[in-house]
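*Asks:* This is the structure I want to talk about, given as structure tokens.
Readers should treat all values here as calculations from the given coordinates under stated rules, not as data from a laboratory. Note that the coordinates shown come from a computational prediction; the quantities given were computed from them, not determined experimentally. Heads up, the Cβs are rebuilt from the backbone with ideal geometry, glycines too, and the neighbour counts pull from every protein chain shown.
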Amino acid sequence: MNMSDNIAPSVPATQTQSWVAFTYIAFVTSLGMVGLGIAFLPIEIWMRGYLGIGVLMVVQSCLTLAKTQRDAAENARLLNRVESARTEKMLLGG
């Protein structure tokens, strides 16, 4: 019996092309709407610039946070697989 036979195969997280397209369209649309809102605010140009930079910083930090969470989840999944393999090896008397 092979040790890898007892380890459940990981289910690949697949996303449909429709979902991927929707997320890109939603992101671009929301960013565009906020940009238009800032552009048409009845305030001085330096205030618009400040708000625009703020929006860009929020978007950048959201992307960084999402990547960090994804990396942590992938790392935990790999660690669980290693621990499962070690436990299986111990149970088999290896």
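*Asks:* Could you tell me, in Å, what Rg and Dmax come out for the Cα atoms of the chain?
*Replies:* Expressed in Å, the Cα Rg and Dmax of the chain come to 23.1, 75.
*Asks:* Ok, one more. Rounded to the nearest 10 degrees, what's the angle between the helix 45-91 long axis and the longest principal axis of the chain, both from Cα atoms, 0 to 90?
*Replies:* Value to nearest ten degrees: 0.
*Asks:* For the pair I45/A76, report the inter-label distance in nm, with labels modelled 7 Å from Cα in the Cβ direction.
*Replies:* About 4.9 nm, to one decimal.
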